[in-house]
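Below you'll find the structure, written out as structure tokens, and then a few comments.
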Amino acid sequence: MANGRFITFEGVDGAGKTTQLEWARQFLEQRGQPLTVTREPGGTELGEALRNVLLNAKRPIHPETEALLMFAARREHIDEVILPALQRGDVVLCDRFTDATFAYQGGGSGVESEKLEALEKWVHADLQPDLTLYFDLPVEIARQRLSGEREADRFERESAEFFQRVRTAYLARARQNPRRINVVDASAAPAAIRKLVENILLSACQ
């Protein structure tokens, strides 16, 4: 992968991960770092079409169907965007990756971890993020931040209990992968969060 680095940003809706990713993009660009910025689901023509289905479907989608669609989009994303960028030596900043599937479809919706692990092994057995920043925030605060921002998508309309299960799954994933996943307290002051993220990025991109 030359000198490429694969860095993912995770968190429950409202935790601020997308804002932090945008700041990370600006910070690394100012340092002259070649970057590719992308997101999941999305990042490719097929991925963006599937994103629209997953976020805006008017009827319920079975959780296993959600998981399969996430990994279908991910397969294209890896092949078309992530691997070519890493091979060029880019730092890839990705808004969500497989940790989100374990958290949302697994923790939130109850898809068995064994099924998700099988899909993970099938789709990207040889690829894991070099670094994951998980922005952790109590569910009640995250929901307050989302309130009134814009029209909520299908996931954002889920119950507080759903998001508590998502958060619990994220934290369990972080405990299982402590060397990869950095847990960031998203309730801290913005300046403190940015400084912490800056230090983590500097270390990862040396």
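Residues are listed down the side, and each one gets a yes or a no for (1) surrounded by fewer than 16 Cβ atoms within 10 Å (Cβ to Cβ); (2) in contact with a Cys (Cβ under 9 Å, 6 or more places away or on another chain); (3) within 23 Å of residue 5 (Cα to Cα):
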residue	(1), (2), (3)
140	yes, no, no
160	yes, no, no
169	no, no, no
176	yes, no, yes
181	no, no, yes
193	no, no, yes
203	yes, no, yes
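Residues are listed down the side, and each one gets a yes or a no for (1) surrounded by fewer than 17 Cβ atoms within 10 Å (Cβ to Cβ); (2) of a type in the set (Ser, Thr, Tyr):
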site: 20; (1), (2): no, no
site: 44; (1), (2): no, yes
site: 64; (1), (2): yes, no
site: 72; (1), (2): yes, no
site: 84; (1), (2): yes, no
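Going by the structure shown, is residue 121 free of Cβ contacts under 8 Å to residues at least 24 places away in the same chain and of a type in the set (Lys, Arg)? Criteria met by residue 121.
Residue count for segment 126-170, restricted to those that are farther than 22 Å from residue 61 by Cβ and out of contact with any helix residue (DSSP H, G or I) (no Cβ under 9 Å at 6 or more places or on another chain): 7. I'm told residue 105 meets every condition in (1) closer than 23 Å to residue 22 by Cα; (2) surrounded by 14 or more Cβ atoms within 10 Å (Cβ to Cβ); (3) among the polar types (S, T, N, Q) except one. Can you identify the failing condition by its number? Only one criterion is unmet by residue 105, namely (1). Scanning segment 13-35 for residues that are closer than 27 Å to residue 166 by Cα and touching a strand residue (DSSP E or B) at 6+ places or on another chain (Cβ under 8 Å) yields a count of 8.
Residue count for segment 128-142 under the criterion of being over 18 Å from the mean Cα position of the chain (by Cα) and touching a residue at least 40 places away in the same chain (Cβ under 8 Å): the result is 1. Filtered by the rule that a residue be under 20 Å from residue 135 (Cα atoms), at pLDDT 95 or above and of a type in the set (Gly, Ala, Ser), segment 10-54 gives 11, 24.
Looking across 73, 57, one residue alone is over 15 Å from residue 100 (Cβ atoms) and either among the small types (Gly, Ala, Ser) or modelled with pLDDT under 95 (or both). It is 57.
The values are calculated or read from the model by the stated rules, or taken from the named source; none is laboratory data. Small disclaimer: the values here were computed from a predicted structure and weren't measured. We place every Cβ from the backbone using ideal geometry, glycine too, and count neighbours over all the protein chains shown.
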